[in-house]
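This report concerns only the one structure given below.
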Amino acid sequence: MRYDAGTLSRMLAERIGVLVRELLPNGRKDGAEWRCGSLAGEKGQSLAVHLNGSRGGIWCDFSSGERGDALDLVAAVLFGGERKEAMKWAVSWLGLGDCSASTFRAPERRQPVPDKRNEELDQEAQRKRASARRLWHDTAPGIAGTPVEAYLAGRGIVLRELGRAPGALRFNPSVWCGEVQRPLPAMIAAICGPSGKLVAVHRTWLGQTPGGQWKKADLQTAKKVLGAFAGGCVRLWRGASGKALGMAPDDDVTVVAEGIETALSVAVACPEFRVLSAVSLSNMAAVVLPDTLKDITIAADNDIGNEKARRALEAALKKFASQGRTVRLAMPEIVHGDWNDVLRGKDTEGQQERPI
């Protein structure tokens, strides 16, 4: 009997937990994913393989951009991308052919090339993640009565109207800023990966006007992320269901915005929606959402004329639509404006929304 590629991929995905341990034995389980450094199988975080649900077997190497399904994983690891050879191996490995997997001889798998620079980069990534977690845990929970609450209120984001402040935000009075070589007060936001674990923190350094009002610090770069966060997001608001992202019900309407202030503006205006911040537009297409979330609205900034931003936005729209979700784009009409501008009354009428 002949098996097509789609059938073999689905059958491999059903046994993905066993398969990844054979193909990538130096990896480790991280929540709902198997993680390792690359398709060569060394230790690290860049390659992620989904282990559960309808996305089981789907993988992405964030360092190289390679991605695919379970059959593609076999092809990439063992056969230099040759799917026909991977199909023969899969038939044998799954016990579907006349020969057994033990008698089928696959070529040598990719071997990690000793590279001191890659090792140093991986160690640096782990150091930054550890620093991010330490900063988060050393910062007291809550922002009520802090400069963070005052800063956001100055931008029209009055969180007390929601009844509670997002737990993903904290205030730290003394966060080191390399630009000025001294600590400054900062708003800290937790960036969590698909498993819910904190993988990075977003820092917004704050300063005061002569009148004592809190604002973004006068820096060339007042916002920075500590740690790698591809695929993660800041979980700002749970919406009407009040449930954690991993337990989101089918009828949840979810809004994904780029920046934290834009996302919070949406939460204040539409508290019935679940609201997430992708942190950067380039990361928006990589954000991993539960399969239960079928209704997605992307609250975009109006970066008219910015070709790079347009391409990143289109990639996010196509990615979520390809996952079988209903996707809408919501964009303010004010040129170079965002939804925080709308909240503050710069444009209370204009918006564009269209289904994808």
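Could you run through the stretch 294-318 and say how many residues are part of a helix (DSSP H, G or I) and surrounded by 14 or more Cβ atoms within 10 Å (Cβ to Cβ)?
7
Quick check: is even one residue across the stretch 189-199 open to solvent by 30 Å² or more (accessible area, probe 1.4 Å), in a loop (DSSP other than H, G, I, E, B), farther than 25 Å from Ala316 by Cα and touching a residue at least 40 places away in the same chain (Cβ under 8 Å)?
Checked against the condition, which is being open to solvent by 30 Å² or more (accessible area, probe 1.4 Å), in a loop (DSSP other than H, G, I, E, B), farther than 25 Å from Ala316 by Cα and touching a residue at least 40 places away in the same chain (Cβ under 8 Å), the stretch 189-199 yields no hits at all.
Which residues, counting only those in the stretch 150-168, are without any contact (Cβ under 8 Å) to a residue 40 or more places away in the chain and among the hydrophobic types (A, V, I, L, M, F, W, C)?
Ala153, Ala165
Kindly list the number of the only condition in (1) touching a Gly at 6+ places or on another chain (Cβ under 8 Å); (2) open to solvent by less than 10 Å² (accessible area, probe 1.4 Å) that fails for Ala244.
Ala244 satisfies all of (1) touching a Gly at 6+ places or on another chain (Cβ under 8 Å); (2) open to solvent by less than 10 Å² (accessible area, probe 1.4 Å) except (2).
Look through the stretch 263-286, keep the residues that are under 17 Å from the mean Cα position of the chain (by Cα) and in a helix (DSSP H, G or I), and return whichever of them is surrounded by the fewest Cβ atoms within 10 Å (Cβ to Cβ).
The residue in question is Ser282.
Within the stretch 163-175, identify whether any single residue is more than 19 Å from Arg274 (Cβ to Cβ), out of contact with any helix residue (DSSP H, G or I) (no Cβ under 8 Å at 6 or more places or on another chain) and outside any strand (DSSP E or B), and answer yes or no.
no
State all residues of the stretch 6-46 that are hydroxyl-bearing (Ser, Thr, Tyr) and either under 19 Å from Glu124 (Cα atoms) or not in a helix (DSSP H, G or I) (or both); if no residue qualifies, say none.
Scanning the stretch 6-46 gives Ser38, Ser46.
Across the stretch 247-259, what is the total count of residues that are closer than 16 Å to His202 by Cβ, surrounded by fewer than 23 Cβ atoms within 10 Å (Cβ to Cβ) and hydrophobic (A, V, I, L, M, F, W, C)?
0
Across the stretch 132-173, what is the number of residues that are open to solvent by 40 Å² or more (accessible area, probe 1.4 Å) and of a type in the set (A, V, I, L, M, F, W, C)?
6
List the residue pairs whose Cβ atoms are under 9 Å apart, where the first residue sits in the stretch 1-23 and is on the phi < 0 side of the Ramachandran plot and of a type in the set (Phe, Trp, Tyr), the second is at pLDDT below 90 and not in a helix (DSSP H, G or I), and the two are 6 or more positions apart or on different chains.
Tyr3/Leu94; Tyr3/Leu96
Among (1) open to solvent by less than 50 Å² (accessible area, probe 1.4 Å); (2) on the phi < 0 side of the Ramachandran plot; (3) free of Cβ contacts under 8 Å to residues at least 12 places away in the same chain, there is one condition Asp61 misses while meeting the rest; what is its number?
Only one criterion is unmet by Asp61, namely (3).
In the stretch 222-241, how many residues are under 27 Å from Arg134 (Cα atoms), open to solvent by 60 Å² or more (accessible area, probe 1.4 Å) and part of a loop (DSSP other than H, G, I, E, B)?
Residues in the stretch 222-241 being under 27 Å from Arg134 (Cα atoms), open to solvent by 60 Å² or more (accessible area, probe 1.4 Å) and part of a loop (DSSP other than H, G, I, E, B): 2 in total.
Could you give every pair whose Cβ atoms fall below 9 Å, whose first residue belongs to the stretch 240-255 and is farther than 12 Å from Asp295 by Cβ and of a type in the set (Gly, Ala, Ser), and whose second residue is assigned to a strand (DSSP E or B) and open to solvent by less than 10 Å² (accessible area, probe 1.4 Å), counting only separations of at least 6 or pairs across chains?
Within 9 Å, the pairs are Ala240/Arg274; Ser241/Arg274.
Select from the stretch 237-269 the residues that are touching a strand residue (DSSP E or B) at 6+ places or on another chain (Cβ under 7 Å), within 12 Å of Leu159 (Cα to Cα) and not aliphatic (A, V, I, L, M) and list them in ascending order.
Trp237
Right, Lys84: more than 24 Å from Gly231 (Cβ to Cβ) and either surrounded by fewer than 19 Cβ atoms within 10 Å (Cβ to Cβ) or at pLDDT 90 or above (or both) or not?
When the stated conditions are applied, Lys84 passes them.
Considering each residue of the stretch 144-167, count those that are modelled with pLDDT of 95 or more and within 27 Å of Ala228 (Cβ to Cβ), and give that number.
Total satisfying the criteria: 3.
For Gly207, only one of the following conditions fails: (1) in a strand (DSSP E or B); (2) farther than 26 Å from Trp59 by Cα; (3) open to solvent by 50 Å² or more (accessible area, probe 1.4 Å). What is its number?
Evaluating Gly207 over (1) in a strand (DSSP E or B); (2) farther than 26 Å from Trp59 by Cα; (3) open to solvent by 50 Å² or more (accessible area, probe 1.4 Å) leaves (3) as the failure.
Look at the stretch 76-91 and say how many of its residues are small (Gly, Ala, Ser) and in contact with a Pro (Cβ under 9 Å, 6 or more places away or on another chain).
Going through the stretch 76-91 one residue at a time, the tally reaches 1.
The values are calculated or read from the model by the stated rules, or taken from the named source; none is laboratory data. These numbers come from a predicted model, not from an experiment. Cβ atoms come from the backbone with ideal geometry, glycine included; neighbour counts cover every protein chain shown. In case anyone asks, the SASA skips ligands and DNA or RNA and just uses the protein heavy atoms, side chains included. Shrake-Rupley method; radii C 1.70, N 1.55, O 1.52, S 1.80 Å.
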